[in-house]
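**Student:** Got a structure for you, questions after.
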């Protein structure tokens, strides 16, 4: 008898959905179907694949209200925010479909007497996507849609917290008429994931999750010559210069810190503020944070929901307690958030000052509604502190000076550099991490490069 995967909703602590885990035989059959279907799928014209994926995108968006509510129940995101993920999915899916039409076309080289030369991009084969719960559709679409567009077949293993997300993808792609075996889902444990990665019929692994999870994927693939795309953790910084648009900066950085209860790999977790406006900035940041409404995420008035598990809340609070024990000051009184209760996923947001890099809250991923704010004297000090991290996913600078932003951005060790915005993915830009934030790229034309391989055509036309 197969074991059951149980998803406990952070909304009320009750089991929201149960699914049986696949047996070894069932997983083998899934991989076999994917490998068999890929040979036919890759031979379809790009335009045909594009039309099917566009139809699937439309079918998914048509179920948007129900999908948004499911997101809130599965991870606790406020219902006022969840529809944004459906819109973001559509933006990225459409962008990758349109981009694929040109990127996947053969590259014809300049004429050479008596020779014809070209480079084509071939599908890799079976792509295994392992997706996380915090942005369950936005992270998955980054790999699923371009992988299918490129002619690969896809097996999606979604987080145990968000199994309905994989099923919604399967439903939409099925309604669009994708051939059997081109897209499949699997419910399985970590050991089974490792076996799938080691299966010689699997050609690429796209993983989004923790650093520890990334290491596990690497170990599982170590005996094979396949690539792995890894989007891992983040400890993303912001630097506020004296010439920033003050109101816009405060509003966006509070949102960047606490949207999705801070459970974003590219959320703002540490802020460096020039000493010229440090006190004013902190006062305004705290005042806006205190206006947040923590509560049941199904209530439209709520804009701060629970974190995903009570255990996550304990870990996050542990970082806060350790920092205050070292001299940090917590500026938010949890009593101002009556819905916050110890032992549950409902926790108040927190803003810390008098922090430094000896504290885990400024160096280790928090993944919750907590941010530390430090005073700096110069651009150079800000750059040094932003780079003093094991992570490098995104960073942002808040300034009116474009030249200063470019100069600083060139020095910061990060995959994406923002000026006057944060916590956003443009699907035409490469999404990439450095250091412990991962390896490889998704989105943009560069994302297609890791989901395909080049094949050179060198034809002599006559002797």
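No value in this document is a laboratory result; all are computed from the given coordinates. Note that the structure is a prediction, hence the values are computed from the model and not measured. Cβ sites come from the backbone with ideal geometry, for glycine too, and all protein chains shown count toward neighbours.
**Student:** How far is helix 246-258 tilted off the main Cα axis of the chain, in degrees rounded to 10, range 0 to 90?
**Tutor:** The answer is roughly 70 degrees.
**Student:** Helix 163-176 versus the longest principal axis of the chain: what is the Cα-based angle in degrees, 0 to 90, to the nearest 10?
**Tutor:** So the inclination is approximately 40 degrees.
**Student:** What do you get when you divide the Cα radius of gyration of the stretch 236-426 by 2.2 N^0.38 Å, with N the number of residues?
**Tutor:** 0.97
**Student:** For a protection proxy built on the mean count of beta-carbon atoms within 10 angstrom, sort 323-332, 379-388, 264-273 highest first, please.
**Tutor:** Per-residue Cβ counts within 10 Å, averaged per peptide and sorted highest first, yield 264-273, 379-388, 323-332.
**Student:** 7 Å from Cα along Cα→Cβ at both residue 390 and residue 461: what's the point-to-point distance in nm?
**Tutor:** 5.8 nm
**Student:** Just for the Cα atoms in the chain, what are the lengths along the principal axes, largest first, rounded to whole Å?
**Tutor:** Per principal axis, max minus min of the Cα coordinates gives 77, 61, 41 Å.
**Student:** Rounded to the nearest Å, what's the spacing between the alpha carbon centres of the stretch 325-366 and the stretch 104-146? Just the number, please.
**Tutor:** If we compute the Cα centre of each part, the gap is 43 Å.
**Student:** Listed highest first by mean packing, meaning other Cβ atoms within 10 Å per residue, what order do 426-433, 104-111, 252-259 come in?
**Tutor:** On the way: 426-433: 19.1, 104-111: 11.9, 252-259: 22.9.
Per-residue mean Cβ counts within 10 Å order the peptides as 252-259, 426-433, 104-111.
**Student:** May I ask you to derive the relative contact order of the stretch 236-426, considering only C-alpha pairs under 8 Å and at least 6 residues apart, and to give it as an integer percent?
**Tutor:** 29 percent
**Student:** Moving on to the next point. Place the peptides 45-55, 351-361 in order of packing, highest mean first, counting for every residue the other Cβ atoms within 10 Å and averaging per peptide.
**Tutor:** 351-361, 45-55
**Student:** Taking the DSSP beta bridges in the stretch 236-426 as the whole, what percent of them are antiparallel, to the nearest 5?
**Tutor:** Once the DSSP bridges in the stretch 236-426 are tallied, antiparallel ones form about 10 percent.
**Student:** Could I ask something else about it? On a 0 to 90 degree scale, rounded to 10, what angle separates helix 83-103 from the longest Cα axis of the chain?
**Tutor:** Between the helix axis and the principal axis of the chain, the angle is about 40 degrees.
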